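J.: Submitted below is the structure of interest, expressed as structure tokens.
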Amino acid sequence: MAMQVLKDLRGLRVSVIHPPDEERPSLIEHLRRIGCAVEAVWPVPAHWPAGADVVLLAIEPDARADIARLLKADPARRPTLIAIVGYENPATLQIVLEAGAVAVVERPIRPFGLLTQLTIARTLWLEREEAKKRVARLEHKLAGLQTVQRAKSILMENLGLSEEDAYQSLRRQAMAKRMPLEDMAASLIHASELLQMSPRSRDARAGPPAGS
């Protein structure tokens, strides 16, 4: 993956959220020499810059309220984040940790090491995003298995089927209706819940009136 990340740096869209001081022009120029498409942003925006693959965020003491607001915005769209810090203290480190930064650039900013930090940050971010996708796929698969299991239990309880027969019944219905097995199971569960909520079903569970 690292070699592919290095190749992809050229054309990478980078937003530099940094005050317009003497360090910003040299930082932007070096990123452009690497091959990145760079835009400068200040003050700290309310939302992550649209289309940015990477954000270099200056942790400025007088902008902490704006930084906190940005960190709460669009968590699903958060790009690769590199924090720029001038000094280490608990308050600054807390912001860096809460931001989910995958790399840190120290002031004064030097061109040497920036390519390494950019590559490492992008690699870690891509690996983390891929891990999130794998977890989401596993959670979806587990939810589907639980749905099928619940539907099988309903068939076993109401029709007296074995577990295998209940599964095959679900499978045949899904194939007949050209539905995924999980969707067929969810439909059966929904139908069962509706039947349980109906007045007739409640009367049937309550039994005959007293004295009949």
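J.: Specify which of the listed residues (Val135, Val105) is under 28 Å from the mean Cα position of the chain (by Cα) and surrounded by 14 or more Cβ atoms within 10 Å (Cβ to Cβ). Working first, answer last.
T.: Working: Val135 fails: surrounded by 14 or more Cβ atoms within 10 Å (Cβ to Cβ).
Answer to the selection: Val105.
J.: Restricting attention to the stretch 75-102, report how many residues are of a type in the set (Asp, Glu) and either surrounded by 12 or more Cβ atoms within 10 Å (Cβ to Cβ) or at pLDDT 90 or above (or both). Please lay out each step first, then the result.
T.: Taking the stretch 75-102 as the starting set, the residues that turn out to be of a type in the set (Asp, Glu) are 88, 98.
Add one more test, that the residue is either surrounded by 12 or more Cβ atoms within 10 Å (Cβ to Cβ) or at pLDDT 90 or above (or both), and what stays is 98.
Within the stretch 75-102, residues that are of a type in the set (Asp, Glu) and either surrounded by 12 or more Cβ atoms within 10 Å (Cβ to Cβ) or at pLDDT 90 or above (or both) number 1.
J.: Taking the residues in the stretch 78-129 that are of a type in the set (Gly, Ala, Ser), out of contact with any Leu (no Cβ under 8 Å at 6 or more places or on another chain) and not in a helix (DSSP H, G or I) as candidates, determine which candidate is farthest from Gly51 (Cα to Cα). First the steps, then the outcome.
T.: Kept after step one, since they are of a type in the set (Gly, Ala, Ser), are these residues of the stretch 78-129: 83, 86, 91, 99-101, 103, 113, 121.
In the following step, the residues that additionally are out of contact with any Leu (no Cβ under 8 Å at 6 or more places or on another chain) were identified as 86, 91, 113.
After this cut, where a residue has to be not in a helix (DSSP H, G or I) as well, the list is 86, 113.
Values: Gly86: 27, Gly113: 25 Å.
Restricting to residues being of a type in the set (Gly, Ala, Ser), out of contact with any Leu (no Cβ under 8 Å at 6 or more places or on another chain) and not in a helix (DSSP H, G or I), the top hit is Gly86.
J.: Here is a follow-up. Looking at the stretch 58-81, I want the residues that are farther than 25 Å from Glu22 by Cβ and have a partner that is part of a helix (DSSP H, G or I) and open to solvent by 10 Å² or more (accessible area, probe 1.4 Å) with Cβ atoms under 7 Å, at least 6 apart or on another chain. Which pairs are those?
T.: Matching pairs, first to second residue: Leu71/Glu98; Thr80/Arg122; Thr80/Trp125.
J.: Right, something else. Name the residue that is nearest to Glu88 (Cα to Cα), counting only residues in the stretch 26-63 that are charged (D, E, K, R) and surrounded by 15 or more Cβ atoms within 10 Å (Cβ to Cβ). So that I can check it myself, show each step before the final result.
T.: Step one: of the stretch 26-63, the residues charged (D, E, K, R) are 29, 32-33, 39, 53, 60, 62.
Then drop every residue that is not surrounded by 15 or more Cβ atoms within 10 Å (Cβ to Cβ), which leaves 53, 60.
Working: Asp53: 26, Glu60: 12 Å.
By that ranking, first place goes to Glu60.
J.: Now, a different point. Go through (1) open to solvent by 20 Å² or more (accessible area, probe 1.4 Å); (2) touching a Leu at 6+ places or on another chain (Cβ under 6 Å) and name the single condition Val16 misses.
T.: For Val16, the exception is condition (1).
J.: Give me the pairs: first residue in the stretch 7-30 and at pLDDT 90 or above and assigned to a helix (DSSP H, G or I), second residue surrounded by 14 or more Cβ atoms within 10 Å (Cβ to Cβ) and small (Gly, Ala, Ser), beta-carbon distance under 8 Å, and six or more apart or on different chains, which are they?
T.: Taking only residues 6 or more apart or on different chains, the pairs are Arg24/Ala40; Ile28/Ala40.
The values are calculated or read from the model by the stated rules, or taken from the named source; none is laboratory data. Note that the structure is a prediction, hence the values are computed from the model and not measured. Positions of Cβ are generated from backbone atoms using ideal geometry, with glycine treated the same way; all protein chains shown enter the neighbour counts. Just so you know, the surface numbers come from the protein's heavy atoms only, side chains and all, with ligands and any DNA or RNA stripped out. Shrake-Rupley method; radii C 1.70, N 1.55, O 1.52, S 1.80 Å.
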